[in-house]
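*Asks:* I'd like to ask you about the structure that follows.
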Amino acid sequence: MLAIIGGTGLTQIEGVQLLAERSAHTALGSASSPVTEARLEGQPVLFLARHGHPHRIPPHRINYRANLLALQAAGATRILAINAVGGIDPAFTPGSLVLPDQIIDYTWGREATFFDGDYLPLKHLDFTWPYDKNLRKSLLAVAAKEKIPVHAGGVYGATQGPRLETAAEITRMARDGCTLVGMTGMPEAMLARELELPYACLSLVVNPAAGLSSEAITMAGIEQVLQQGMGEVLKLLRAFVRT
Ligand code: HPA
């Protein structure tokens, strides 16, 4: 069953038939919200609001491990994460959809593994390709068929937040090779890998990253882009579950 992790701007999916609500409680604490099972285009899907519903949990305080465990317990077999991000590559203008293929992790102090020697014995897992190849491929195929423009690659730089970056931090990230910046891409992607759940991230660019535009980054500006952009995300999601 496909699970959708909704980020900023997507705390619930409108117009779906709710089937069940599954517990947020796990062996590693509470997930951000209960997992909802709903029918989307006739197909059962799971949905979890990453920041809670309503949106209240900051990126560095999200219990990513509980979120992943709750989805697994609810029967998720693959995960599509939706993330609002800043664009670093000039081609990634506000409103663009990007399916990144790489990650650079700048976060710190987050519970980032199940294999910590407490919950599970230590293990070092391969993460060369952080996102699931097949899931990315199917999403890109659906996007092409539906004529929904999606950039087929990007390097997601995961920052700690909740503050936005400085201009110098973005210059450094660009030099590192990041083309997108967001606060929630990690450790989520790695935790999914640890649970052997195929995982992909669909990023919606909601602002040019810090220092790349003459205007300050404001929530009002971001919200404007989010409204329309999440419409496109939902269109893609619906088409994807129909296939
Ligand atoms: N930086 C980090 N996270 C973000 C941004 C940004 O510019 N926009 C949306 N999420």
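*Asks:* How many of the residues making up the stretch 222-243 are in contact (Cβ under 8 Å) with a residue 60 or more places away in the chain and more than 24 Å from GLN43 (Cα to Cα)?
*Replies:* Here the count works out to 6.
*Asks:* Taking interchain pairs and intrachain pairs at least six residues apart, which have beta carbon atoms under 8 angstrom, with the first residue in the stretch 161-187 and closer than 18 Å to SER214 by Cα and the second surrounded by 24 or more Cβ atoms within 10 Å (Cβ to Cβ) and modelled with pLDDT under 95?
*Replies:* Partner pairs satisfying both residue conditions: none exist.
*Asks:* Within the stretch 9-28, restricting attention to residues that are surrounded by 14 or more Cβ atoms within 10 Å (Cβ to Cβ) and small (Gly, Ala, Ser), which residue is farthest from PRO54 (Cα to Cα)?
*Replies:* ALA24
*Asks:* If I ask for residues that are in a helix (DSSP H, G or I) and without any contact (Cβ under 8 Å) to a residue 24 or more places away in the chain, which ones from the stretch 113-140 would you list?
*Replies:* Matches in the stretch 113-140: LYS133, LYS137.
*Asks:* For a quick check of your reading of the model, give me the residue pairs whose first member lies in the stretch 71-93 and is outside any loop (DSSP other than H, G, I, E, B), whose second is basic (Lys, Arg) and within 16 Å of the ligand (Cβ to nearest atom), with beta-carbon atoms closer than 9 Å and at least 6 apart or on different chains.
*Replies:* These pairs meet every condition: ALA81/ARG50; ILE82/ARG50; ASN83/ARG50.
*Asks:* Residue check: is ARG110 part of a loop (DSSP other than H, G, I, E, B) and in contact (Cβ under 8 Å) with a residue 40 or more places away in the chain?
*Replies:* In short, yes.
*Asks:* Evaluate the stretch 94-101: report whether one residue or more is under 20 Å from THR166 (Cα atoms), touching a helix residue (DSSP H, G or I) at 6+ places or on another chain (Cβ under 9 Å), modelled with pLDDT of 95 or more and assigned to a loop (DSSP other than H, G, I, E, B).
*Replies:* Yes, there is a match, as at least one residue in the stretch 94-101 is under 20 Å from THR166 (Cα atoms), touching a helix residue (DSSP H, G or I) at 6+ places or on another chain (Cβ under 9 Å), modelled with pLDDT of 95 or more and assigned to a loop (DSSP other than H, G, I, E, B).
*Asks:* Can ARG39 be described as in a strand (DSSP E or B) and of a type in the set (Lys, Arg)? Don't jump to the end; show me each part of the working.
*Replies:* Values: in a strand (DSSP E or B): yes; of a type in the set (Lys, Arg): yes.
Against the criterion (in a strand (DSSP E or B) and of a type in the set (Lys, Arg)), ARG39 qualifies.
*Asks:* Mind telling me which of the residues GLU111, GLU146 ends up being farther than 30 Å from GLU232 by Cα, surrounded by 14 or more Cβ atoms within 10 Å (Cβ to Cβ) and of a type in the set (D, E, K, R)? Explain how you work it out, then say what you get.
*Replies:* Working: GLU146 fails: farther than 30 Å from GLU232 by Cα.
One residue alone meets the criteria, GLU111.
*Asks:* Another question about this same structure. Any residue in the stretch 1-14 that's more than 18 Å from LEU68 (Cα to Cα): show its pairings with residues that are part of a loop (DSSP other than H, G, I, E, B) at Cβ separation under 9 Å, as long as the two are six or more apart or on different chains.
*Replies:* Pairs found: GLY9/HIS55.
*Asks:* Here is a list of conditions, (1) part of a loop (DSSP other than H, G, I, E, B); (2) within 16 Å of the ligand (Cβ to nearest atom), and ILE5 meets all of them except one; can you say which number that is?
*Replies:* Exception for ILE5: condition (1).
*Asks:* Let me ask something additional. Go through ASP132, ASP176 for me and flag whichever is of a type in the set (Asp, Glu) and more than 25 Å from ILE62 (Cα to Cα).
*Replies:* ASP176
The values are calculated or read from the model by the stated rules, or taken from the named source; none is laboratory data. Everything quoted here is computed from the prediction, not taken from an experiment. Quick reminder, even Gly has a Cβ in these numbers, built from the backbone with ideal geometry, and neighbours come from all protein chains shown.
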